[in-house]
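Here is the structure we will look at, set down as structure tokens.
The values are calculated or read from the model by the stated rules, or taken from the named source; none is laboratory data. What you are looking at is a predicted structure, and each value in this text was computed from that prediction instead of being measured. Glycine also receives a Cβ, built like all others from the backbone with ideal geometry; neighbour counts cover every protein chain displayed. All accessible areas refer to the heavy atoms of the entire protein, side chains included, with ligands and DNA or RNA removed. Shrake-Rupley method; radii C 1.70, N 1.55, O 1.52, S 1.80 Å.
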Amino acid sequence: MSKLGSLGARLHRGEISYDFVGKRKIWYGVSILITITAILGLAVRGLNMGIEFQGGAVFTTPTKMSTSVAKAEEYANEASGHQSVVQKLGNGSLRIQIAGIDTGQSDRIKQELAKDLNLDPEKLAADLVGPSWGEQIANKAWEGLAIFMILVVIYLAIAFEWRMAIAALVALIHDITITTGIYALVGFEVTPGTVIGLLTILGYSLYDTVVVFDSLKEQTKDITKQTRWTYSDIANRSINGTLVRSINTTVVALLPVAGLLFIGGGFLGAGTLNDISLSLFVGLAAGAYSSIFIATPLVADLKEREPAMKALTKRVLAKRAQAGAEEDLTEAHGAGADAGEPAVVGPRSQSAARGRGRGRTPGKRR
């Protein structure tokens with residue numbers, strides 16, 4: 001068995017564990033700091049909305065253009081007076097996006113671009129994109145997100161309980177906020193592909209969370225009938241028991257997405273992949289983080305507020321204190337016997353001594 005597999009088995013059996021729930025205030029603090037940074041990025045820099053949302057024109061040159069991307073971007077900025085986005089396509093042509101222009105401006109810019117690029121204006125394809133189309137996409141995305149959130153809360157409240165539904169909802173909002181904040185800080189363009197990526201990561205995030213919740217639900221059946229574990233203890237065991245599984249599924253999902261983002265978008269220059277790959281990469285990582293460090297500790301916090309759980313915690317702590325006191329007393333007695341002091345014989349020791357003499361045959365002592 002591999003080292004990771006052996007570690008996973010030991011975590012599942014409870015032989016080793018890390019106190020995720022006990023250190024939840026640290027994770028809350030880290031998450032709040034990251035979330036505030038993301039919100040500040042959104043407020044200060046804002047999102048770089050693509051042409052599909054702002055409207056504008058897209059110009060496509062013929063194949064095998066000798067003009068560089070940087071030079072074409074300079075020409076487009078001078079001709080339009082707006083910030084342009086230039087991408088080199090696989091066939092060698094250039095795709096020039098200029099947002100915020102109308103039909104009249106598009107015709108003038110097309111003529112100037114054709115002149116700067118030494119092209120026949122008829123060979124420079126121009127497509128106009130209206131902002132209403134992007135607005136419809138954004139509205140549909142918000143509607144889909146709202147419906148998804150409502151259905152998630154209803155399902156988790158029925159399948160598990162309302163506290164788990166609230167924790168899962170907080171984790172999902174946490175993931176979306178961080179992902180959109182990263183987009184604002186990095187400055188990547190937001191396109192319909194980005195919206196699709198954001199909606200996709202919700203399923204991955206929810207999957208990891210539900211796996212832990214299912215384990216927690218199974219282990220907390222009849223929890224009040226025992227005095228060995230508190231709810232937080234069992235919640236921590238559930239996280240540790242599914243930790244390696246969560247890491248494996250996240251890494252396997254992140255590898256192809258990382259290939260799209262860093263190799264396809266960065267090394268090969270396929271900028272059209274950046275919009276969806278960044279949202280998937282950040283969202284998958286944030287989803288794995290929130291399922292371990294946010295959702296389950298938050299459930300434990302909410303559950304520990306119940307009167308039954310408070311009473312259970314008191315019983316468990318009282319029993320542990322009693323066991324610790326008995327252990328200390330035993331160690332003190334052992335230390336006294338080692339030092340030559342007379343051993344303290346309790347009722348159990350006396351009865352055992354009497355029992356050893358009952359089976360001896362009467363007669364002369366040796």
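The figures follow:
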| item | result |
| --- | --- |
| Enclosed volume per residue, in Å³, of the convex hull spanned by Cα atoms of segment 102-217 | 128 |
| Share of carbon and sulfur in the accessible heavy-atom surface of segment 138-195 [1.4 Å probe, %] | 79 |
| Exposure of Trp27 as accessible area (Å², to 10), given a probe of 1.4 Å and all protein chains | 40 |
| Extension gain from Ile158 to Arg305, taking 0.36 nm per residue of separation minus the Cα-Cα distance | 50.9 nm |
| Segment Met149-Lys25, extension gain: residue separation times 0.36 nm, minus the distance between their alpha carbons | 42.1 nm |
| Heavy-atom accessible area ranking, 1.4 Å probe, most first, across Asp328, Asp301 | Asp328, Asp301 |
| Candidate residues Asp275, Asp222: accessible-area rank, largest first, probe 1.4 Å | Asp222, Asp275 |
| Accessible area of segment 50-97 belonging to carbon and sulfur atoms, whole % at 1.4 Å probe | 47 |
| Those residues of segment 52-79 whose amide nitrogen sits under 19 Å from the label point placed on Gln136, 7 Å along Cα→Cβ | 52-58 |
| Accessible area per residue in Å² at 1.4 Å probe, computed on segment 46-191 | 51 |
| Cα-only radius of gyration and Dmax that characterise segment 20-155, units Å | 21.3, 69 |
| Segment Asp102-Glu122, extension gain: residue separation times 0.36 nm, minus the distance between their alpha carbons | 5.3 nm |
